[in-house]
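Below is one structure, written out as C-alpha cells, with a few remarks after it.
All of the numbers you see were taken from the coordinates with simple rules; none came from a lab. The structure displayed is predicted, hence computed values, not measured ones. Please note: Cβ atoms are built from the backbone with ideal geometry, for glycine as well, and neighbour counts cover all protein chains shown.
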Amino acid sequence: MLESWRWFGPSDPVSLDDVRQTGAQNVVSALHDVPTGEVWTTSKIEHHQSVINNIKGNRLPLNWSVVESIPVHEDIKLARKDCETYIGNWIASMENLAKSGIKTICYNFMPVIDWTRTDLNLHLSSGAFALGFDQRKFSAFDLFILRRPKARDEYSDSEIDEARGAFNNMSQDERDQLTSNIIRGLPGGMSENYDLKNFSSALANYQNISPAELKDNLHNFLSQVVPRAEGAGVKLAIHPDDPPRKLLGLPRIVSTKYDLDELFSREPNPANGLTLCVGSLGSRADNDVVSMAKHHASRTFFAHLRAVRINRADNKSFFEASHLDGDTNIIKILRILLIEEQRRRLDDHTNENEIFFRPDHGHQMMDDMAKTVNPGYSAIGRLKGLAELRGAIRALSEEIS
Ligand code: DNO
C-alpha cells in the first residue's frame, strides 16, 4: 500500500517539507484555485506538479500521485443544459492530468454540500480536539437557522423538540460557527462559498430531483467519462457521501452497499472505481464497512483510513475517533486491501496496481492546538494516524506474504 498525504497547496499550513518528514512520498492534491467547471490546463497542472517535485539538496522526492478532487459542476448533477460542456471540461482536465502522469482521480457526486460536520473542536478525554457531527445541532441549523421550507415534514415532533433545545443552548457565535461550517464548507470541500440566501436557492434546485434521477445524472456523466478514463489509463475513484445519508432534503446516492453495487453494475468498466473512505461509510450505522470493502476490493484505487464512533442513542451523531479505535475494524480493512494487492500482483505480474492510502483527518493535538489549522488536516494528528497505520500494515504484510 502506498502512503500518501493530502496537501492543499502553497497556502497549506503543513508544508511540503513537513510532508517529507512524515515518510509519505505520494502527495494528494488539487488545483483549488481553478473555478469549478473550468478546464485544468496542462500548464497549471505542470506548475503545481513542479512545486511538489522541487527537491532541495538530497531530500526525498515527493510525487503528485492522486488528485482529490476534480470538482463536478452542479449543472452536471442537475442535468442542466450546459452539462455536456461541463462534462467535456471534466474529461479534458482528466486527460491533461493523465498526460502529466497523474492517473488516480478522486471525485464526488454530493449535491451542494461536501463533507459536513457540526463540531470542529470536540474535547476528547485525552485533551485533544476531534471533529464531530451532532444530529441535534444539524437539525437546529436546518429548522431554526436556515428555516428550510419542507424541513418540518422531515422530522418527528421529538426530533424538533431536541433541535429546539440545541438551538436555545447555542450562543450567537456558536450559531454563526455552525452555519459557517455547513454552508461555507470544510477544507477540500468541493462546494461553493454560499451565504444563507444563495444556499437556500442551491438546495431548492434539487427539490424535484429524486435519488433515482440523480443516479441517472451520475450515469450520464460516467457513461462519457469512464471510456475516456480507460483510454487514458486513469483510475476513477468516487468518494462516498459524508455522512452517507440524505441531508437538508438533498438526495445522496453513494451511501450504502446497494448504491455501490448499483453504481458498479451500471458502469462495470474496471476504470470505474472507489475511494474507500472508511470514516464516511462507517458513519452510517447499518453499513457493514468490512463487507463493503471486501465486496469492492477490486475497484478500490484509493483509501481514506480513519474511523468514527457512532452515538448509539440516535445512530446518527458521531465523532472521529483515533484511526484504529473507531467502530469499524481498520485492521480487517487493511488485511482486505493487502490481500487484494497480492491478488493484483499475481494477476498482473506488476506492482503497478498498489492502493494509495492516506491517514484521513487527525485530531488537533500537542503543538498544533495553538496553531491555525485546516480542520481535520493538522500535522501531528495525521502523523500519529499514519504511524499507527504504517505499523499495522508492516505487521499484516509479514503475516500475509
Ligand atoms: C474530506 C474529504 C472530502 C473529499 C471529497 C472528494 O475530508 O474526504 O472533502 O475530498 O468529498 O471529492
So, in Å, what gap is there between the alpha-carbon centers of region 1-66 and region 266-325? 25
Connecting C-alpha atoms closer than 10 Å in a GNM of the chain, tell me which of Gly165, Gly132, Gly37 has the biggest fluctuation. Gly165
Three-way shape label, region 100-215, alpha-carbon gyration tensor, a/c 1.5: oblate
With the contact rule set at Cα under 8 Å and sequence spacing of 6 or more, what percent relative contact order holds for the chain? 16
Summing -39500 (n - 2.57) over every DSSP H run of at least 4 residues in the chain and dividing by its residue count gives a helix-only mean residue ellipticity at 222 nm, to the nearest 500 deg cm²/dmol, of -13000 deg cm²/dmol
Near-label residues of region 50-80 by backbone N, under 17 Å of a point 7 Å along Cα→Cβ of Glu354: 60-67
Plugging the Cβ-Cβ distance of Asn58 and Asn198 into 1/(1 + (r/R0)^6) at R0 = 51 Å yields, to the nearest 0.05, a FRET efficiency of 0.50
Distance from the Cα centre of region 336-397 to that of region 76-137, in angstrom? 19
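Normalising by the residue count of region 1-96, find the relative contact order in percent from Cα pairs under 8 Å and 6+ residues apart. Present the calculation step by step, with values, prior to reporting the outcome.
Values: 120 pairs, mean separation 27.7, N = 96.
It rounds to 29 percent for region 1-96.
Below 8 Å between Cα atoms, with a sequence gap of 6+, how large is the relative contact order for region 147-263 in percent?
Details: 58 pairs, mean separation 25.6, N = 117.
Relative contact order here is 22 percent.
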Taking 30 Å as the cut-off for C-alpha to C-alpha distance, list the pairs among Lys77/Lys257; Lys137/Lys197; Lys103/Lys316; Lys257/Lys371 that go past it. Lys103/Lys316; Lys257/Lys371
What list do you get for Arg312, Arg358, Arg136 if you sort them by fewest beta carbons within 10 Å? Arg312, Arg136, Arg358
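What order do you get for 268-278, 222-232 when each peptide is scored by the mean count of other beta carbon atoms within 10 Å, highest first?
Working: 268-278: 21.7, 222-232: 17.5.
Packing proxy ranking, top to bottom: 268-278, 222-232.
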Using DSSP to define loop residues, name the chymotrypsin sites (Phe, Trp or Tyr not before Pro) in region 1-56 whose beta-carbon has at most 11 other beta-carbon atoms within 10 Å. none
Would you order Ile310, Ile145, Ile76 from fewest to most other beta-carbon atoms within 10 Å of each residue's own beta-carbon? Ile145, Ile310, Ile76
Neighbour-count order for Ile52, Ile330, fewest beta carbons within 10 angstrom listed first: Ile52, Ile330
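Under the 0.36 nm per residue contour assumption, what length would be gained going from the current alpha-carbon distance of Ser158 and Met369 to full extension?
Values: separation 211, 0.36 × 211 = 75.96 nm, distance 3.69 nm.
Extra length available between Ser158 and Met369 comes to 72.3 nm.
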Magnitude of the Cβ-charge dipole (Lys and Arg +1, Asp and Glu -1) of region 43-190 about the Cα centre, nearest 20 debye, reported as 560
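Cα gyration tensor of the chain, axes a ≥ b ≥ c as square roots of the eigenvalues: rounded (a/c below 1.5), prolate (a/b > b/c) or oblate?
Values: a/c = 1.44, a/b = 1.22, b/c = 1.18.
Cα axes put the chain in the rounded bin.
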If packing is taken as the mean number of other Cβ atoms within 10 Å per residue, what is the order of 390-401, 210-221, 253-264, highest first? 253-264, 210-221, 390-401
